[in-house]
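What follows is a short report on a single structure.
The values are calculated or read from the model by the stated rules, or taken from the named source; none is laboratory data. Note that the structure is a prediction, hence the values are computed from the model and not measured. Cβ placement follows ideal geometry from the backbone for every residue including glycine, while neighbour counts extend to all protein chains displayed. With ligands, DNA and RNA removed, areas are computed over all heavy atoms of the protein, side chains included. Shrake-Rupley method; radii C 1.70, N 1.55, O 1.52, S 1.80 Å.
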Amino acid sequence: MAASDRTVLQFSSSSSSSSASLSAKVHPLVVFNICDCYVRRPDQADRVIGTLLGSVLPDGTVDIRNSYAVPHNESIEQVALDIEYQHNMLLSHQKVNPKEIIVGWYSTGLGVTGGSALIHEFYSREVQNPIHLTVDTGFTNGAGTIKAYVSNNLSLGERQIAAQFQEIPLDLRMVEAERIGFDMLKATAVDKIPSDLEGMEASMQHLLVLIDDIYKYVDDVVEGRVPPDNKIGKHISDAVGSLPKVSPSVFDKLVNDSLQDHLLLLYLSSITRTQLSLAEKLNTAAQIL
């Protein structure tokens, strides 16, 4: 057979080139929502799947901001999705956030499974080049692993025969308050949820570690042990420039005043909860009598 007559396996050029530069950013609300849906799943369900909502940023990054679960039945040979429920939920979400569109789908578990290709094919009809997000709620490797994939088509000549999932960079960005909750969520065992003061203490300890790392980096640059990086220097300059120019005594007073205001709010909210609980019990007792 001549070389020109041979049929070779090849990836679709359009999908492979786009996935090479594709990245995703997921908000912690999505992870919390996925874990909550996994806890509330039916007893016979091994995993939970659902739709990812968000937008595509100007630089091409897929910003995943919201999600919802989609009922499904899964077996070894086939996967059945409730398509009507999926469309109704999408319409309901877009009434609240019309700028959010389908950007992909998620599933719980470690990595890609056999039925993932069938589900990915359905979402490929909803959006071009969807993201597949996996959340390991079983802590297989001792932690809740989160990964993002895209699918590349594997063709035999002009006929598509398979799909290959390729992992893409995933950025999980969150503020410090969200990070404390996420650290508690991904831990395999938690004695109790930290209080506000314990969370603040953990944040301050983390801040001190970061400051020590910055000190070490600056010293290494000054001593010539590490080559300087203009981007890192600009970030350090912006962080130092954002600090207010106040004396230590004034700064301590501001922190103490803010802490006392926060504790007062906690005390008032506790009193309000107690009063509502007492009023509910009195109302129940009055109805019984």
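Heavy-atom accessible area with a 1.4 Å probe sorts H120, H27, largest first, into H27, H120. The residues neighbouring D219, those whose beta-carbon lies less than 12 Å from its own, together hold a net charge of -2 under the Lys/Arg +1, Asp/Glu -1 convention. An ellipsoid equivalent to region 245-284, defined through the eigenvalues of its Cα gyration tensor, has semi-axes of 38, 5, 4 Å when rounded to whole angstrom and sorted largest first. Shown are F122, F165, F32, F251, whose ranking by accessible area with a 1.4 Å probe and every protein chain present, most to least, is F251, F32, F165, F122. DSSP finds beta bridges in region 23-172, and of those with both partners inside it, around 70 percent are antiparallel. Heavy-atom accessible surface of L264, to the nearest 10 Å², is about 90 Å², with a 1.4 Å probe and all protein chains retained.
What net charge is computed for the residues neighbouring Q94, neighbours being all others with C-beta under 14 Å from the C-beta of Q94, Lys and Arg scored +1, Asp and Glu -1? Don't skip to the end; give the middle numbers.
Details: positive: R65, K95, K99; negative: E100, E126.
Once all neighbours under 14 Å are counted, the net charge is +1.
Net charge within 9 Å of G109 by Cβ-Cβ distance, Lys/Arg positive one each and Asp/Glu negative one each, not counting G109 itself?
Charge balance near G109 sits at -1.
Only protein heavy atoms count here; under a 1.4 Å probe, M200 has an accessible surface of about 90 Å².
Ignoring ligands, DNA and RNA, what percent of the 1.4 Å accessible area of region 245-284 is carbon and sulfur?
On the way: 2400 of 3650 Å².
Solvent-exposed carbon and sulfur of region 245-284 make up 66 percent of the total.
When all protein chains stay in place and ligands, DNA and RNA are ignored, the 1.4 Å accessible-area order of K234, K95, K147, largest first, is K95, K234, K147.
Solvent-accessible area per residue in region 23-172 equals 52 Å², computed with a 1.4 angstrom probe and all protein chains kept.
When the expected Rg is taken as 2.2 N^0.38 Å, what fraction or multiple of it is the alpha-carbon Rg of region 23-172? List each step's numbers first, then the result.
Values: Rg = 14.9 Å, N = 150, 2.2 N^0.38 = 14.8 Å.
This ratio for region 23-172 stands at 1.01.
In the structure shown, the pairs K99/K147; K25/K245; K95/K281; K216/K245; K25/K234 are assessed against 29 Å; a Cα-Cα span above that value is assigned to K25/K245; K95/K281.
Using a probe of 1.4 Å, the accessible surface attributed to V96 totals some 110 Å² when neighbouring protein chains are kept in position. For region 59-138, the carbon plus sulfur part of the accessible surface works out to 52%, probe radius 1.4 Å. One equal scatterer on each Cα of region 205-274, no solvent, Debye formula: the resulting log10 I(q)/I(0) at q = 0.19 Å⁻¹ is -0.91. Heavy-atom accessible surface of region 245-284, averaged per residue, reaches 91 Å², computed with a 1.4 Å probe.
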